[in-house]
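Notes for the one structure printed next.
The values are calculated or read from the model by the stated rules, or taken from the named source; none is laboratory data. The structure presented is a predicted model; accordingly, all values stated were derived computationally and were not measured. So basically every Cβ, Gly included, is an ideal-geometry build from the backbone, and we count neighbours across all protein chains shown.
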Amino acid sequence: MTDQESKRIKQSEQLKVFLRSEKAKTPTRGSPLSAGYDIYSAEQTIIPAKGQAVVSTDLTVIVPIGTYGRVAPRSGLAVKHGIQTGAGVIDADYRGEVRVLLFNHGDKDFQIEAGDRIAQLVLEKIVLADIIAITREELDATERGEGGFGSTGKN
């Protein structure tokens, strides 16, 4: 492997972060083996009971090529307050602000302060597969076949 190839591979393993304002905070990991990077709110807002809101982070991230960033819920917020995330995919070529869609499944409004941890960013490997159109005859047979929801068990 050449030095240039080694450098390119090493660079591709970096999560690059751009703080768009003084309100933005660099993502952190709760422990050395944490899978996710905590993402912080850049604003004060309320997620209404049984409602939703989009929360600003004032953050841009560049995920390594061959991965995408999945915006996932924080388990503590989910268990204690019913807060979940939605619409959370960050592609390797996205350069806009990371904004977090939060759903409040609880019965009380949920207050968020600037600097609160609101979600986590998990980097997941992907396969960028070529698409090949096939005919009906080229579909291989499986035991499951075309069975859909609930077709593999009784529960």
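Look at (1) under 29 Å from V127 (Cβ atoms); (2) assigned to a loop (DSSP other than H, G, I, E, B); (3) in contact (Cβ under 8 Å) with a residue 24 or more places away in the chain; (4) not basic (K, R) and you find that T60 fails only one, number (2). Pairing each residue of region 13-39 that is in contact (Cβ under 8 Å) with a residue 12 or more places away in the chain with any residue that is in a loop (DSSP other than H, G, I, E, B) and among the polar types (S, T, N, Q), provided the two are 6+ apart or on different chains, yields C-beta distances under 6 Å for V17/T26; I39/T57. Within region 86-98, none of the residues are surrounded by fewer than 17 Cβ atoms within 10 Å (Cβ to Cβ), among the aliphatic types (A, V, I, L, M), at pLDDT 95 or above and more than 27 Å from A129 (Cβ to Cβ). Across region 121-153, the qualifying residues are those that are of a type outside the set (G, A, S), within 27 Å of the chain's Cα centre (by Cα) and exposed (fewer than 10 other Cβ atoms within 10 Å of the Cβ), and the one among them that is farthest from A92 (Cα to Cα) is F149. Just one of (1) within 21 Å of A24 (Cα to Cα); (2) under 20 Å from the mean Cα position of the chain (by Cα); (3) of a type outside the set (A, V, I, L, M, F, W, C); (4) at pLDDT 95 or above fails for T45. It is (2). Among the residues of region 69-86, is any charged (D, E, K, R), touching a strand residue (DSSP E or B) at 6+ places or on another chain (Cβ under 9 Å) and closer than 25 Å to K23 by Cβ? For region 69-86, residues charged (D, E, K, R), touching a strand residue (DSSP E or B) at 6+ places or on another chain (Cβ under 9 Å) and closer than 25 Å to K23 by Cβ: present. Checking each residue in region 81-112 for being part of a strand (DSSP E or B) and over 13 Å from the mean Cα position of the chain (by Cα) picks out I83, F103, N104, F110, Q111, I112. Taking first residues from region 63-90 that are free of Cβ contacts under 8 Å to residues at least 60 places away in the same chain and partners that are part of a loop (DSSP other than H, G, I, E, B) and acidic (D, E), the Cβ contacts under 8 Å between residues at least 6 apart in sequence or on separate chains come to P64/E13; Y68/D91. Taken residue by residue, region 115-135 has no member that is assigned to a loop (DSSP other than H, G, I, E, B) and among the basic types (K, R).
The condition (being outside any loop (DSSP other than H, G, I, E, B), surrounded by 13 or more Cβ atoms within 10 Å (Cβ to Cβ) and not charged (D, E, K, R)) is satisfied by just one residue among A42, A24, A49, A78: A78. For region 104-114, filtered to residues that are out of contact with any helix residue (DSSP H, G or I) (no Cβ under 9 Å at 6 or more places or on another chain) and surrounded by 13 or more Cβ atoms within 10 Å (Cβ to Cβ), the residue that is farthest from G82 (Cα to Cα) is A114.
All conditions but one from (1) surrounded by fewer than 12 Cβ atoms within 10 Å (Cβ to Cβ); (2) over 18 Å from the mean Cα position of the chain (by Cα); (3) at pLDDT 95 or above; (4) of a type outside the set (F, W, Y) apply to K16; the one that does not is (2).
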